[in-house]
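Working notes, beginning with the structure itself.
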Amino acid sequence: MLDYHMHTRYSVDGQGEPEEFCHIAHQGGLKEIGFSDHFDANPSDASFGFFELEPYLGHLQRCRNAYADKLSVRIGLEVGEPHKYPDDLSALLRRAQGAFDYLIGSVHWYNEMLIGDPAHFDSLSPHESYHNYFEEVLQMVKHGGFHILGHLDLVSRYPINHPLIITEHEEIVRHILSVALAQGIVPEINLSGLRRKTSSSLPPEQVLVWYREMGGNTVALGSDAHRPSEAGSLNQHGIEIAQRAGLRYLAGFCQGELRAVPLP
Ligand SMILES: [Zn+2]
Ligand SMILES: [Zn+2]
């Protein structure tokens, strides 16, 4: 139905023209998609300085027009650690003049290292390191200024030798979710974990059950596609995960305003 997390050639690690994503999504029966290319203000990130605002907005506007009667095309952005670079993000949003329908806030860096860096475990136990990651996510959600909380437990996708046991971090994860609820930030079900055969959505169903217990009923759905063939992939799985957790709506956004779509 919806896919709100897709990266095109406007991301340093993405491939493909936006039109190709639209084509695949439309073929796959999706009704609405959102582009969320990377914006990173961290000078150490591979994506730093790569994103070009005006060509991106112009290109997506052309896509939106071309697919006007077939597919709703939303314009988003995945912002790395927005709480650490508020001035850079503000400057970008000023230039965009309200063009963005939504922003995804994501933590890709913590303890001054990229998330998949094995050096995370040089001086900290996996538990301590993961706790620091969730602390960073908590700081980001407290800061706010975005609409969707990207891949809440992204750490689980990388360190094969140190699996994340989410129940060990229940307290801080619930804290993150309670702040998100208070801020009107919607957590995402990111399907990249399933595609990589780490066998779980990000976050896993257990976290979505906690969210439901706490009064949450709306989630965003994202494939985290980095090439056109992945657009909308595993969407049906995402819907089933949300249904099993007892959630009721998928989040759409138009000009920053939530448009909740009832789950089937
Ligand atoms: Zn991400
Ligand atoms: Zn992404």
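With the structure loaded, tell me whether residue 95 is of a type in the set (Lys, Arg), in contact (Cβ under 8 Å) with a residue 40 or more places away in the chain and closer than 28 Å to residue 257 by Cα or whether it fails that test.
Details: of a type in the set (Lys, Arg): yes; in contact (Cβ under 8 Å) with a residue 40 or more places away in the chain: yes; closer than 28 Å to residue 257 by Cα: yes.
Against the criterion (of a type in the set (Lys, Arg), in contact (Cβ under 8 Å) with a residue 40 or more places away in the chain and closer than 28 Å to residue 257 by Cα), residue 95 qualifies.
One residue stands out in region 187-215 among those that are under 14 Å from residue 173 (Cα atoms) and among the aliphatic types (A, V, I, L, M): the one that is modelled with the lowest pLDDT, namely 202.
If you filter region 99-118 down to residues that are outside any loop (DSSP other than H, G, I, E, B) and away from ligand 1 (no atom under 14 Å from the Cβ), you find that the one that is surrounded by the fewest Cβ atoms within 10 Å (Cβ to Cβ) is 118. Report yes if residue 244 is open to solvent by 50 Å² or more (accessible area, probe 1.4 Å), farther than 24 Å from residue 184 by Cβ and at pLDDT 95 or above, otherwise no. Answer is yes for this residue.
Matching residues to (1) free of Cβ contacts under 8 Å to residues at least 12 places away in the same chain; (2) in contact with a Phe, Trp or Tyr (Cβ under 8 Å, 6 or more places away or on another chain); (3) assigned to a helix (DSSP H, G or I):
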residue: 131; (1), (2), (3): no, no, yes
residue: 162; (1), (2), (3): no, yes, no
residue: 177; (1), (2), (3): no, yes, yes
residue: 189; (1), (2), (3): no, no, no
residue: 193; (1), (2), (3): no, no, yes
residue: 200; (1), (2), (3): no, no, no
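Yes or no: region 164-173 includes at least one residue that is open to solvent by 40 Å² or more (accessible area, probe 1.4 Å), within 17 Å of residue 127 (Cβ to Cβ) and touching a residue at least 40 places away in the same chain (Cβ under 8 Å).
Scanning region 164-173, I find at least one residue that is open to solvent by 40 Å² or more (accessible area, probe 1.4 Å), within 17 Å of residue 127 (Cβ to Cβ) and touching a residue at least 40 places away in the same chain (Cβ under 8 Å), so the answer is yes.
Among the residues of region 133-152, write down those that are more than 16 Å from ligand 1 (Cβ to nearest atom) and either farther than 17 Å from residue 203 by Cβ or without any contact (Cβ under 8 Å) to a residue 40 or more places away in the chain (or both). Lay out the reasoning, then the answer.
Taking region 133-152 and keeping what is more than 16 Å from ligand 1 (Cβ to nearest atom), we get 135, 138-139, 142-145.
Residues satisfying the conditions are 135, 139, 142, 143, 144, 145.
May I ask you to list the residues in region 222-237 that are within 16 Å of ligand 1 (Cβ to nearest atom) and assigned to a helix (DSSP H, G or I)? Answer for region 222-237, where residues must be within 16 Å of ligand 1 (Cβ to nearest atom) and assigned to a helix (DSSP H, G or I): just 230. Looking at 156, 90, 123, just one residue is within 16 Å of ligand 2 (Cβ to nearest atom) and among the small types (Gly, Ala, Ser), and that residue is 156.
The values are calculated or read from the model by the stated rules, or taken from the named source; none is laboratory data. Please read these numbers as outputs of a predicted model, since none were measured by experiment. Note: ideal-geometry Cβ built from the backbone for every residue, glycine included; neighbour counts use all protein chains shown. Ligands, DNA and RNA are stripped out before the accessible areas are found, and what is left, the full protein with its side chains, is counted by its heavy atoms. Shrake-Rupley method; radii C 1.70, N 1.55, O 1.52, S 1.80 Å.
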